[in-house]
Amino acid sequence: MRRGIVAFALAIVVGATLSAAPGRAAQTPTSIATDPILQPPFENGKPIDVVIGLHVINIASIDEVSEQFRLDGYLFERWIDKRLAYTPEGPDDQMRNYAIGQIWVPQLEMINAAAPRSRGEIAIMVSPDGTVRYAERFLASLSSKFELRRFPFDQQRLIVIIHPFLVDGPRMKFRRDDTSTWTASEFKAFSSLAQWHLTALHSELLIAPTYSGLTVPEARFEIDVQRRSSFYLWKVFLPLLLMVFLSWAVFWIEESDLSNQIQVAVTTILTVIAFAFAISATMPRLPYLTYIDAFFLECYIYVFLAVVELMTVHVTHRSEARRDIGLRIRRYSRWVIPASFAVTNVVIAAHFLG
């Protein structure tokens, strides 16, 4: 009995003590002190001029299927923050370095990035007049619209679209830094794009609409690349042409020699099908026809026509009454089918490449 009373009394004392003690979890700060130097340097409501440039170091890969490319480069920014102006204390004090988090830096986003860009080295330098120069090394996977109907004789425009973060966007203005927008001189030396050739890099500034009718400045960098088509010329087009020419050998074999004609025709068809499977991994998977797709279909059709022609000639050749018809078909096929193949190629090329 006494033990129960003592335990009850201890429980009351402990409960009273805990209720009287201030709970740290319940304490919430009512305000957070903010360093003014970390706020944008707005002056009299004027927008902040941010000069922006892009330096392309390398394009690591271009994926036509996912319509993405991987870009390695430098992003340059320049603006004026008079709060950081200072009087140099000597010839070695003409530039001061800062780290991220010490001063305000524009938050710029690549809005067509498939994932947030990874940043490497960052440099922030301030001149005595308050001019801030920012440079960052980045690696980003970006989405871009690909037009592949001319494949493999196509040219693509890879786009990098940069917006400021929405909070500061309406009060910021972009200007182009043409001197900082260029490609590395070593790009051709170590570029991993064996199938592509970089032809140009240019930029333009636009105004983009956002939520609630607000607008933000937009910097659009366009990288023009041209596909090197030599691989497809020598490894795809030329072998296919030779296979089609081989199928036409049946036009010059004796009409009565059906066995050799069938062997040539069937072997050619099987070779074309096997060849198509072998190179399918190098072809983009698209919901529409490209030039090389149309060329493949044309080769299939003309190889099949050779088989149809030899069967027609053989059937007519077995009949004395229709033998002359078969010989006439064979005589015309030797020239009409190759000529129509050439004309069809011109039409296809004009449709896809014109």
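Observations on the structure shown:
- Range of Cα positions in the chain per principal axis (Å), largest first: 122, 85, 41
- Over segment 33-82, the alpha carbon radius of gyration divided by the compact-protein estimate 2.2 N^0.38 Å works out to 1.82.
- Calculation over all alpha carbon pairs of segment 202-246 in 10 angstrom steps from 0 returns a P(r) of 21, 21, 15, 14, 16, 12, 2 percent.
- FRET efficiency for the residue 242 to residue 137 pair, using the beta carbon distance and R₀ = 41 Å, is estimated at 0.25.
- Surface share of carbon and sulfur [accessible, 1.4 angstrom probe, percent] for the chain: 60
- Pairwise Lys count, the chain - Cα closer than 30 Å, eight or more residues apart or different chains: 7
- 14 Å beta-carbon shell around residue 86, net charge (K/R +1, D/E -1): -2
- Summarising the amide proton neighbourhood of residue 61: residues at separation of 5 or more, or on other chains, whose placed amide H is nearer than 5 Å comprise 70.
- Under-5 Å amide H pairs with residue 109, H placed in peptide plane, nonlocal only: 163, 165
- Calculated accessible area for the chain comes out at 58 Å² per residue, all protein chains present (probe 1.4 Å; ligands, DNA, RNA ignored).
- For segment 125-139, putting each phi into the Karplus relation 6.51 cos²θ - 1.76 cosθ + 1.60 with θ = phi - 60° gives couplings of 10, 10, 8, x, 7, x, 6, 9, 10, 10, 9, 9, 8, 9, 9 Hz, in residue order, rounded to whole numbers and with x for Gly and Pro.
- By average C-beta atoms within 10 angstrom, highest first, the peptides 166-172, 155-161: 155-161, 166-172
- Taking θ as phi - 60° and the Karplus parameters 6.51, -1.76 and 1.60, the scalar couplings of segment 339-354 work out to 5, 5, 4, 5, 5, 4, 4, 5, 5, 4, 4, 5, 6, 8, 9, x Hz in sequence order, x denoting glycine and proline.
- Comparing Cα centroids, segment 216-263 and segment 195-210 end up 33 angstrom apart.
- Shown here for segment 285-327: trypsin sites (Lys or Arg not before Pro) in loop regions (DSSP other than H, G, I, E, B) with at most 11 other Cβ atoms within 10 Å, namely 285.
- Using alpha carbons only: equivalent-ellipsoid semi-axes of segment 189-265, gyration tensor based, whole Å: 57, 18, 8
- Taking chymotrypsin sites (Phe, Trp or Tyr not before Pro) as exposed when DSSP calls them loop and at most 14 other C-beta atoms lie within 10 angstrom, the chain has its longest site-free stretch at 166-287.
- Its Kirkwood hydrodynamic radius, worked out from the mean inverse distance over all distinct Cα pairs, puts segment 149-293 at 20.2 Å.
- The chain: most fluctuating residue of 344, 34, 179 per GNM, C-alpha cutoff 10 Å: 34
- Cut-off under 5 Å, modelled amide H: who pairs with residue 181 long-range: 54
- Restricting the calculation to alpha carbons of segment 40-177 gives Rg and Dmax of 18.1, 63 angstrom.
- Distance between segment 161-182 and segment 297-330 - C-alpha centres, whole angstrom: 68
- Neighbourhood charge, 14 Å Cβ-Cβ cut-off, centred on residue 37 and excluding it, Lys, Arg +1 and Asp, Glu -1: +1
- Fully extending the segment from residue 204 to residue 94, taken as 0.36 nm per residue of separation minus the present Cα-Cα distance, adds 36.4 nm.
- Distance (nanometres) between label positions extended 7 Å along Cα→Cβ at residue 149 and residue 304: 2.4
- From the C-alpha gyration tensor of segment 293-335, square roots of 5λ in Å: 26, 10, 4
- Of the residues 89, 43, 309, ranked by 1.4 Å probe accessible area with the largest first, the sequence reads 89, 43, 309.
- ³J(HN,Hα) computed for each position of segment 211-228 - Karplus, 6.51 cos²θ - 1.76 cosθ + 1.60, integer Hz, glycine/proline x: 6, 6, x, 6, 10, 9, x, 10, 9, 10, 9, 10, 10, 8, 10, 10, 6, 7
The values are calculated or read from the model by the stated rules, or taken from the named source; none is laboratory data. Just so we're clear, the structure is a prediction, and the values are computed from it rather than from any experiment. For neighbour counting, all protein chains shown are included, and Cβ atoms are generated from backbone atoms with ideal geometry for every residue, glycine included. These accessible areas exclude ligands, DNA and RNA; they are computed on the full protein's heavy atoms, side chains included. Shrake-Rupley method; radii C 1.70, N 1.55, O 1.52, S 1.80 Å.
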